[in-house]
Amino acid sequence: MSGAQFVTPPNRLAEIMRKPGGIVVADAISRAERNLEAIRPACRADMMGLLDTCEAALKAMGEAYDEAAVTTLYATAVRGIGAGAVCGAPTVDLALTSLCDLITHLLARGQHDRKALEVHIQAWRLLMTTELPEAARETMLEGLRRVSAHHAPQG
């Protein structure tokens, strides 16, 4: 009976990475920025579509607790996280994160706060504009964080 033989194939990626060369980091960043600039309009259109969908869902939502409607709102909003930076509105990502946190808190407690949801979605629309001063953006985000934290479980 013969013993088992282990054969380790060469790791070509590791070999390539050890070799000097490639492009300069500044050039890579410049290329990445140009690529992002090329997709920015499509990303912005997608974000506005998500926003419109959330606004319509909120409008259709009743005043009473509706777990399915709130879960759908969450599923739509979470898809936009990360796209704000790509489409030139990085603070939108923070607002969407706050909205998703709020929804998580509401679902965990079985509560409904339509006004808190409305504030977050209205802030999303405002943060998509480029005319809003940075100080106003920061104040708005702080307010959203406070609204979300108000509904967070204590302890």
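Highlighted here would be helices (runs of 4 or more DSSP H) found entirely within segment 8-97 that include at least 1 residues which are under 18 Å from the mean Cα position of the chain (by Cα) and exposed (fewer than 10 other Cβ atoms within 10 Å of the Cβ), but there are none. So, Leu102, is that one out of contact with any strand residue (DSSP E or B) (no Cβ under 9 Å at 6 or more places or on another chain) and modelled with pLDDT of 95 or more or not? Answer is yes for this residue.
Looking only at segment 127-136, decide whether some residue is hydrophobic (A, V, I, L, M, F, W, C), assigned to a helix (DSSP H, G or I) and within 16 Å of the chain's Cα centre (by Cα). Steps first, please.
First pass over segment 127-136, keeping only residues hydrophobic (A, V, I, L, M, F, W, C): 127-128, 132, 135-136.
Next cut, assigned to a helix (DSSP H, G or I) only: 127, 135-136.
Adding the requirement that they be within 16 Å of the chain's Cα centre (by Cα) leaves 127.
Yes, because at least one residue in segment 127-136 is hydrophobic (A, V, I, L, M, F, W, C), assigned to a helix (DSSP H, G or I) and within 16 Å of the chain's Cα centre (by Cα).
Just to check your reading of the model, which residue among Ala57, Ala116, Ala68 is without any contact (Cβ under 8 Å) to a residue 40 or more places away in the chain, touching a His at 6+ places or on another chain (Cβ under 8 Å) and within 22 Å of His151 (Cβ to Cβ)? Lay out the reasoning, then the answer.
Numbers: Ala57 fails: touching a His at 6+ places or on another chain (Cβ under 8 Å); Ala68 fails: touching a His at 6+ places or on another chain (Cβ under 8 Å).
So the residue among Ala57, Ala116, Ala68 that is without any contact (Cβ under 8 Å) to a residue 40 or more places away in the chain, touching a His at 6+ places or on another chain (Cβ under 8 Å) and within 22 Å of His151 (Cβ to Cβ) is Ala116.
In this structure, does Ile121 turn out to be within 15 Å of the chain's Cα centre (by Cα), closer than 22 Å to Asp46 by Cβ and touching a residue at least 60 places away in the same chain (Cβ under 8 Å)?
Values: within 15 Å of the chain's Cα centre (by Cα): yes; closer than 22 Å to Asp46 by Cβ: yes; touching a residue at least 60 places away in the same chain (Cβ under 8 Å): yes.
Judged against the criteria, Ile121 is a match.
The values are calculated or read from the model by the stated rules, or taken from the named source; none is laboratory data. Computed from a predicted model, the values in this text were never measured in an experiment. Cβ atoms come from the backbone with ideal geometry, glycine included; neighbour counts cover every protein chain shown.
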